[in-house]
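Trainee: Below you'll find the structure I mean.
The values are calculated or read from the model by the stated rules, or taken from the named source; none is laboratory data. Everything numeric in this text was worked out from a predicted model, so none of it was measured. A quick note on method: Cβ atoms are made from the backbone with ideal geometry, for glycine too, and the neighbour counts reach across all protein chains shown. Remember, those area values only see protein heavy atoms, side chains included, never the ligands or the DNA or RNA. Shrake-Rupley method; radii C 1.70, N 1.55, O 1.52, S 1.80 Å.
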Amino acid sequence: MYNPVNLSEQIFYVGVNDRRTHLFENMWPLDRGVAYNSYLIADEKVAIIDTVEAGHFEKWIAKVRSIIQDRPIDYLIVNHMEPDHSGAIRILTELYPNMKIVGNKKTIPMIEGYYGITTNMETVAEGETIELGKNKLTFYTVPMVHWPESMVCFEETNNILFSSDAFGSFGTLDGGIFDDELNFDYFIDEMRRYYSNIVGKYGSPVQKALSKLGDLSLKMIAPSHGPIIRENIGKMIELYDKWSQYEAEEEGVVIAYASMYGNTEEMAEVTARAVAENGIKNVRVYDVSKTHPSFIISDIFRFKGLILGSPTYSNELHPNMEALTNKLSHMGVANHYYGVLGSFTWAGAAVKKLKALGEELKWEEVAESVEEKHALKEGNYEACVQLGKAMAEKVRS
Ligand code: FEO
């Protein structure tokens, strides 16, 4: 049994929730699960927009069939080939051998490569339209949002953008499917985490996509994960515009540190106190050995101030700080103020490496880095206070 969820008279939500998978891409925590969204258009022709992760096929196809019953599926639109959306293609083609698979010129070879399918493919070009009856889908490529073949489609009769990974979110859809049926603010953290973790490296392609799609008159954004947006379209676009330029959402400072015996941690605590004493209310202090980088990266996208601290470990960064800095480097996170803390026992290296990261990413250093030998002493205690003060002043400005 499935009570259909309509986006319009002929367009339906047929996505599924996944509360069992622990890690998205076997890497990013799914504490609040994830939804694999899929859409069905039952017009004169029947079209599906993206499938779901293969393990969820049964409950997905049951929803589809409760709506179309024994009608054939004419088109499968493949907006994106990552297997969380394409995973059910092969089994669907076995059930519907006459179904046409629609993708762009980069999609088609991937379908063959992943699933060995070579027949019944239809290649669409940029701006091309497929008519289903009343509903018409026009295709736009959005390369690297999130893969090279990524595309979106716009249904012009109802002004719905099927936006693939763009505007998506972690988190299952717990009853509410549309943003006005749920607490939208509850989802913003999961939207930012999804954006920063999955798409964060591709700020420039996201900017190009926003500009390409900017003239469309949107009444609804139907992404491949998370709520369907119809009340917060302007806010969502504004957030994407900020995130893709690595612009902060609000005043705040992230202090992320590694610490083996508490000395670098103490420096972080002293610095955090000084940040707060100088007027910054959003201060997030993270031990990188406890909090997964997914959540720290999300807050680094949210706030412009960033202080990194690490002890020197065998002439390197602490390995868990190294894991975070590698991700920040790989993502090319730009546009931040930064400061550096560190401690060592016989020879310092961590501070130099953290400073090099800031230089590589062209961050603005707000004060001299602080490097302590052994435990924190009076001179460097004061230097941590000055670093916190300088960071607060910079962020407030
Ligand atoms: Fe939701 Fe890039 O896949």
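Trainee: Which value in deg cm²/dmol, rounded to the nearest 500, describes the helix-derived mean residue ellipticity at 222 nm for the chain, given -39,500 (n - 2.57) per DSSP H run of n ≥ 4 and division by the residue count?
Mentor: My calculation for the chain gives -10500 deg cm²/dmol from helical runs alone.
Trainee: Related question: Within the accessible area of the chain, what % is carbon and sulfur when the probe is 1.4 Å and the other protein chains stay in place?
Mentor: In the chain, the share of accessible area belonging to carbon and sulfur is 47 percent.
Trainee: So how many Å³ per residue does the convex hull of the Cα atoms of the range 1-124 work out to?
Mentor: It is 113 Å³ per residue.
Trainee: Please give the charge dipole size of the chain, origin at the Cα centre, charges +1 on K and R Cβ atoms and -1 on D and E Cβ atoms. Round to the nearest 20 debye.
Mentor: Roughly 280 debye for the chain.
Trainee: Another question, if that's okay. Residue by residue, what Karplus-based ³J(HN,Hα) values in Hz, rounded to whole numbers, does the range 375-380 have, using 6.51, -1.76 and 1.60 with θ = phi - 60° and x for Gly and Pro?
Mentor: Once θ is set to phi - 60°, the couplings for the range 375-380 become 7, 5, 10, 3, x, 7 Hz.
Trainee: Please report Rg (one decimal) and Dmax (integer) in Å for the Cα set of the range 179-262.
Mentor: 15.3, 57
Trainee: In addition: Can you tell me the Rg and Dmax of the range 5-244, counting just the alpha carbons, in angstroms?
Mentor: Cα radius of gyration and Dmax of the range 5-244 are 16.3, 46 Å respectively.
Trainee: Right, another one. Among residues other than THR138 whose Cβ falls under 14 Å from its Cβ, what is the net charge (Lys/Arg +1, Asp/Glu -1)?
Mentor: -4
Trainee: Also, quick follow-up: To the nearest 10 degrees, how steeply does helix 263-277 sit against the main Cα axis of the chain, on a 0 to 90 scale?
Mentor: The angle comes out at about 80 degrees.
Trainee: Once Lys and Arg get +1 and Asp and Glu get -1 on their Cβ, which of ASN3, VAL253, THR312 lies farthest toward the positive end of the dipole of the chain?
Mentor: THR312
Trainee: Please work out the Cα center distance from the range 217-265 to the range 103-154, rounded to the nearest Å.
Mentor: For the range 217-265 versus the range 103-154, the Cα centre distance is 28 Å.
Trainee: Loop-only check: which chymotrypsin sites (Phe, Trp or Tyr not before Pro) in the range 287-377 are DSSP coil with at most 16 other Cβ within 10 angstrom?
Mentor: Passing sites in the range 287-377 are TRP346.
Trainee: Rounded to whole Å and sorted largest first, what semi-axes of the equivalent ellipsoid does the C-alpha gyration tensor of the range 253-396 yield via the square root of 5 times each eigenvalue?
Mentor: 19, 18, 13
Trainee: Is there a quick way to get the dipole size of the range 260-397? I mean about its Cα centre, with the Cβ of Lys and Arg at +1 and of Asp and Glu at -1; what is the value in debye to the nearest 20?
Mentor: Charge dipole, the range 260-397, about its Cα centre: 400 debye, nearest 20.
Trainee: Enumerate the lysines that LYS59 could reach by cross-link, defined here as Cα to Cα under 24 Å, with residues fewer than 8 away along the same chain left out.
Mentor: LYS45, LYS100
Trainee: Further question: Nearest 5 percent is fine: what portion of the DSSP beta bridges confined to the range 301-383 is antiparallel?
Mentor: Looking only at bridges with both residues in the range 301-383, the antiparallel portion is about 15 percent.
Trainee: Given LYS208/LYS290; LYS212/LYS355; LYS219/LYS327; LYS235/LYS353; LYS105/LYS235; LYS201/LYS352, which pairs have Cα atoms separated by over 26 Å?
Mentor: LYS208/LYS290; LYS212/LYS355; LYS219/LYS327; LYS235/LYS353; LYS105/LYS235
Trainee: When ligands, DNA and RNA are left out and all protein chains stay put, how many square angstrom of accessible area per residue does the range 253-396 have with a 1.4 Å probe?
Mentor: Spelled out: the 1.4 Å probe surface of the range 253-396, per residue, equals 44 Å².
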